[in-house]
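The values are calculated or read from the model by the stated rules, or taken from the named source; none is laboratory data. This structure is a prediction, so every number in the text was calculated from the model and none was measured. Cβ sites come from the backbone with ideal geometry, for glycine too, and all protein chains shown count toward neighbours. All accessible areas refer to the heavy atoms of the entire protein, side chains included, with ligands and DNA or RNA removed. Shrake-Rupley method; radii C 1.70, N 1.55, O 1.52, S 1.80 Å.
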Amino acid sequence: MTFSLADPAAPCRTLHVLRPEELPSFLDGAGRPWAPWLTSTAFEAGLGDLRLLPGEDGSVCAAVAGFGTAQARRRQRFGLAKAVSGLPSGNWRIEGRLSPDERTEAALAWLLSSYRFDRYRPGRKPAPQALLVCPEGVDAPRLIAMAEGEALTRDLINTPAQDMGPVELEAVARALAARFGAAVATTVGEDLLAANFPMIHAVGRASPREPRLIDLRWGEAGPALTLVGKGVCFDTGGLNLKPSNGMNLMKKDMGGAATVLGLAQMIMALGLPLRLRVLIPAVENVVAGNALKPKDILTSRKGLTVEVNDTDAEGRLVLADALALACEEAPDVLVSMATLTGAARVAVGPDIAPYYTDDASLAAALEQGAARGFDPVWRMPFHDPYDAVIEPAIADLDNAPGFGFAGSITAALFLRRFVDGPRYLHFDIYGHTPTDQPARPKGGVGQGARAILGALPQILGLDAT
């Protein structure tokens, strides 16, 4: 999906954005002609509340939207987006006493509110498109890059597994590479064994859609950033089969891959001066006669042995081989993103992206990037005393310890065993909005990508972007 901003030189109408305390002065000043109308319709400048304002000929000549109280804005991200859907088509300019961050958030919310996933509803009438003139001080290229990267992530997660298997995920990576001059290599099927990716092969071998490792590279100079995304295109649980309600959202189990591809698109679109590598182990975890079995013991690419106590804890297996590969080149920063555990959702809910790192400087940069990108994150602990929990008696590691607690932490500790050298960030994301929210319709959603984008200048020593 592409996004557009209005030509600032073209005629446009004004959307007056008001806090409740600013409403009286507006009604006494610029809003005087519309004061009776706004008063009679009980407009109180609540967050996202919209009134269209008539001109002398009766047509819409302007509009007013509520910015709400500070408490209302804390309780709802992108609240101004509720007003955007009610605007008629045409060019619009925001006017109001907004800080630079508030203008950026309003503009991003404006763009994201126009996202639609209509692939399977081709006859649906398009919604009116109100185009925004980029507010003063807002970085338009960055704004567009963030919105389009997010839209790619949402599209990938929303696409059902019948049309988004390992082959199709590879095709998306190749199309992205072709667009930005990147290179893609893949290792497929039985070649995974020959290339020493045994755990990716073991998880995906039961599917008729062959497992693969997708390896995208872009950029020839600058610090090295490697993104690893879990690409489980559908997860039945394998022989430890999920119940039907547990399978309903499993088309989103490639949300980590979708998110790193969206972030990669942002990075390449902005031309950041770095060397980017994206690794995606793309598999389906399904049931067949050759499926991975409980209590199988796998020898990973790194040489660590893993006892499979639950075939439904497959994401950490495929990520482990990809992380080991990533570390062989010692990138400056390594990031993994995965829809890994239900425990993370219990801890922080669907809106927040929990992350793990041992590096305080990475955490500080990420918190700043999250604020800059309006992308909430929360640091979780690599709690070393739990390391013993993932060590069974029969192998080096256990993919699903029967500890009963701290499931997200023990999964993160498992992944950390395969990381040597680079500064490391791991995200345990959800990738789904359960109900319609402003600028975030029910369905697939990116988490953490804008936070990482905002942190890159600091963590990689880049010029400010």
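Numbers at a glance
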| read-out | value |
| --- | --- |
| For q = 0.20 Å⁻¹, Debye-computed log10 I/I(0) when each Cα of the stretch 69-179 counts as one equal scatterer | -1.16 |
| Electrostatic dipole magnitude of the stretch 39-94 [Cβ: Lys, Arg +1; Asp, Glu -1; Cα centre; debye, to 20] | 500 |
| Crossing angle, helix 315-327 versus the chain [Cα axis fit, 0-90 degrees, rounded to tens] | 90 |
| Accessible surface, the chain, averaged per residue in Å² (probe 1.4 Å) | 40 |
| Cα centroid separation, the stretch 1-57 to the stretch 162-176 (Å) | 44 |
| Student exercise, the chain dipole from Lys, Arg, Asp, Glu Cβ charges, in Debye to nearest 20 | 1020 |
| Accessible area of the chain belonging to carbon and sulfur atoms, whole % at 1.4 Å probe | 53 |
| Share, in percent, of DSSP beta bridges within the chain that are antiparallel, nearest 5 | 40 |
| Degrees between helix 100-112 axis and first principal axis of the chain (Cα, 0 to 90, nearest 10) | 70 |
| Antiparallel DSSP beta bridges within the stretch 337-465, as percent of all bridges there, nearest 5 | 45 |
| Rg/Rg_ref, the stretch 184-293, where Rg_ref = 2.2 N^0.38 Å and atoms are Cα | 1.19 |
| Cα-based shape type of the stretch 363-460, given that a ≥ b ≥ c are square roots of the gyration tensor eigenvalues and the cut on a/c is 1.5 | oblate |
| Length released on extending from Lys242 to Arg174, taking residue separation times 0.36 nm less the Cα-Cα span | 21.3 nm |
| Shape box of the stretch 173-241 [Cα atoms, principal axes, largest first, Å] | 45, 24, 21 |
| Folded to 0 to 90 degrees: helix 407-416 orientation relative to the chain principal axis, Cα | 70 |
| Rounded FRET efficiency, nearest 0.05, which uses the C-beta distance separating Met1 from Lys293 and R0 of 35 Å | 0.25 |
| Euclidean distance between Cα centres, the stretch 199-272 to the stretch 85-108, Å | 35 |
| Mean Cβ neighbour count within 10 Å, used as a protection proxy, ranking 60-69, 341-350 highest first | 60-69, 341-350 |
| Contact order normalised by residue count of the stretch 239-353, Cα under 8 Å, 6+ apart, percent | 33 |
